[in-house]
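Readers should treat all values here as calculations from the given coordinates under stated rules, not as data from a laboratory. All values derive from a computational prediction rather than experimental measurement. Positions of Cβ are generated from backbone atoms using ideal geometry, with glycine treated the same way; all protein chains shown enter the neighbour counts.
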Amino acid sequence: MTSEKSETTEPSAEGRECPMCLAGTLREGTVTLTLECGENTIVLKEVPANVCDVCREAFMEEKVSKAALKKAEEAVEAGVGLDVR
């Protein structure tokens, strides 16, 4: 039987010290991500992220960032000027 875990899986940042403010701790949460490309604005709601409990800075795993960018690119290619998902 093969493992479904990828060799490039990132360890979770939850529980780590916030690299921005150094005072908070990263916790699992969600954020609203606004992406702008030229005249297009794409808003993605409830994007999974690790969020600092003090400064509220958000950090997304690489796979989440890639998926968000792909959704935004698909919306722009479809001719969407403003999209909220």
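Each peptide in 75-82, 28-35, 43-50 receives the mean, over its residues, of other Cβ atoms within 10 Å, and ordering these scores from highest gives 43-50, 28-35, 75-82. Within segment 55-71, whose backbone N sits under 18 Å from a point 7 Å along Cα→Cβ of E28? So the set is 58-65.
Per-residue extension of 0.36 nm, minus the Cα-Cα distance of E62 and L82, leaves a gain of 4.8 nm for this segment.
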